[in-house]
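Notes to accompany the following structure.
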Amino acid sequence: MSTNRKVVLASRPEGAPVPANFRLERAPMPVIAEGEILVRMRAISMEPAIRGWLDDNDKNYFEPIAIGGTMRALSMGQVVESRLDGYAPGDFVRGLFGWEDYTVANADTVLLQKIDVSPDMPITYYVGVLGGSGQTAIVGLDRIGRAKAGDTVAISAAVGAVGHVAVQYARHIGCRVVGVVGGPEKARVARELGCDAVVDYKSAASMEAAIREAAPEGIDVYFDGVGGEMLDAMLNNMKTFGRVICCGMIAGYNDSDNPPPLYNAWQIVARELELKGFLLYSYAEFVPAALATCIDGLRDGWLRTIEHKRIGLAHAGALFCELMSGRTLGKAVLEMDLSEAD
Ligand SMILES: NC(=O)c1ccc[n+]([C@@H]2O[C@H](COP(=O)([O-])OP(=O)(O)OC[C@H]3O[C@@H](n4cnc5c(N)ncnc54)[C@H](OP(=O)(O)O)[C@@H]3O)[C@@H](O)[C@H]2O)c1
């Protein structure tokens, strides 16, 4: 092991990212200092939030990645060498790590934690259904949306990483679920996952009318990962006192200087709506219970997960581009090929 491969940001995307924005490079194998661990990367979570770190502005909650800087993501790895108390070789760890074969972490690494990997669960699940995506779905519905049996819950990006868990959990707790997706294949999967009604916004002449047809009585809780036009259409379909879980606004991520406008904001007042911004990492105390819910769901069978998986570090950039152009279904995850780089 004399070199370490890493994916760096080659150029800043203009609009949707393209594979040429990323470059695979070789660097010397890192040597750890006191207080650090050396981690063999195992699974990298591809998430829309990463798009915000590729722009050189201060609009995000993490600092931008520099040109030539190593790409980063919430990831799973295994400790191979430790000079940090409490961590030993063989431990599984999750944190904000680099897109690389081997990464160095320390006590200040964002979200660093040891993970108990169940033998019956694939390691990639720990950045998806058993990681931030699954937990965001459960904590968002329970704590922000306060969804309960009998509620009508609308979910956008309904067969995406967060959405497909949210759909199944909302069904599990007795809600009526309206899934909003782009395209007929995604609509078919949304029905298979248990959506009571599905809106394919790409084929609907009017998004607002299509939502009304799917939920004539109105929406109690809207789980919003998209923002923009879809949120606007939903505002005109919310019930009085409805709750909107503002989880993401992907409709604006590829052009953060020109976010799509909201024309129906008056409905927030007129319908006395609650719109609450939500970042999972501020709700750490609810994460263990959400994780247990997802593990139970997978074992009991009321929850199934879909992965859009690529294997091998060289595919990381292309996979992220697929995610940001809406071409993935389920959790976009990169699994490291352990036969590479060793
Ligand atoms: N707040 C938090 O703590 C937190 C945590 C995780 C994720 N999130 C947010 O939740 C949302 C979903 O994240 P995810 O990881 O589950 O991703 P994802 O849903 O797996 O992938 C993104 C999906 O968004 C939809 N989409 C709608 N408009 C789009 C556009 N203009 N460009 C690209 N895709 C578009 C596409 O589905 P359709 O084709 O079906 O529309 C696409 O497949 C994102 O906004 C993300 O930032 C927030």
Tally, over the range 323-339, of residues that are within 14 Å of the ligand (Cβ to nearest atom) and either aromatic (Phe, Trp, Tyr) or touching a residue at least 40 places away in the same chain (Cβ under 8 Å) (or both):
11
Provide a single number: the residues in the range 215-258 that are away from the ligand (no atom under 13 Å from the Cβ) and part of a loop (DSSP other than H, G, I, E, B).
7
Of the conditions (1) more than 20 Å from Val165 (Cα to Cα); (2) small (Gly, Ala, Ser); (3) in contact (Cβ under 8 Å) with a residue 24 or more places away in the chain, Gly277 satisfies every one except a single condition; which number is it?
(1)
Tell me, please, whether a residue that is within 23 Å of the chain's Cα centre (by Cα), more than 26 Å from Cys321 (Cβ to Cβ), modelled with pLDDT of 95 or more and not aromatic (Phe, Trp, Tyr) can be found in the range 35-55.
no
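So that you can scan it fast, the table gives a plain yes or no per residue for (1) in contact with a strand residue (DSSP E or B) (Cβ under 9 Å, 6 or more places away or on another chain); (2) within 27 Å of Phe278 (Cα to Cα); (3) of a type in the set (Phe, Trp, Tyr):
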site: Val8; (1), (2), (3): yes, no, no
site: Gly15; (1), (2), (3): no, yes, no
site: Phe22; (1), (2), (3): yes, no, yes
site: Pro30; (1), (2), (3): yes, no, no
site: Ala33; (1), (2), (3): yes, no, no
site: Gly52; (1), (2), (3): no, yes, no
site: Asp56; (1), (2), (3): no, yes, no
site: Met76; (1), (2), (3): yes, yes, no
site: Phe92; (1), (2), (3): yes, no, yes
Criterion violated by Ser75 - all others in (1) in a loop (DSSP other than H, G, I, E, B); (2) within 23 Å of His315 (Cα to Cα) satisfied
(1)
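Looking at this structure, is Gly312 surrounded by fewer than 21 Cβ atoms within 10 Å (Cβ to Cβ), within 14 Å of the ligand (Cβ to nearest atom), on the phi > 0 side of the Ramachandran plot and not hydroxyl-bearing (Ser, Thr, Tyr)?
So Gly312 does not fit the description; no.
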If you take the residues of the range 156-175 that are aliphatic (A, V, I, L, M) and more than 10 Å from the ligand (Cβ to nearest atom), which of them is nearest to the chain's Cα centre (by Cα)?
Val167
Could you tell me which residue of the range 269-309 is modelled with the lowest pLDDT, considering only residues that are within 16 Å of the ligand (Cβ to nearest atom) and among the polar types (S, T, N, Q)?
Ser282
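For Asp85, state whether it is farther than 19 Å from Ala318 by Cβ and away from the ligand (no atom under 16 Å from the Cβ).
yes
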Being buried (at least 23 other Cβ atoms within 10 Å of the Cβ), within 14 Å of the ligand (Cβ to nearest atom), outside any loop (DSSP other than H, G, I, E, B) and at pLDDT 95 or above is true for just one of Val189, Val180. Which residue is that?
Val180
Can we say Arg83 is at pLDDT 95 or above, crowded, with 16+ Cβ neighbours inside 10 Å and of a type in the set (Lys, Arg)?
no
Any chance Ala137 is in contact (Cβ under 8 Å) with a residue 12 or more places away in the chain, within 10 Å of the ligand (Cβ to nearest atom) and in a helix (DSSP H, G or I):
yes
Can you name every residue in the range 292-342 that is touching a helix residue (DSSP H, G or I) at 6+ places or on another chain (Cβ under 9 Å) and basic (Lys, Arg)?
Arg304, Lys309, Arg310, Arg327, Lys331
Yes or no: Asp200 within 30 Å of Arg12 (Cβ to Cβ) and not β-branched (Val, Ile, Thr)?
no
Quickly run through the range 1-58 and pick out the residues that are among the hydroxyl-bearing types (Ser, Thr, Tyr), outside any strand (DSSP E or B) and closer than 25 Å to Gly132 by Cα.
none
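The values are calculated or read from the model by the stated rules, or taken from the named source; none is laboratory data. Keep in mind the model is a prediction, meaning the values are calculated, not measured. Cβ: placed from backbone, ideal geometry, glycine included. Neighbour counts: every protein chain shown.
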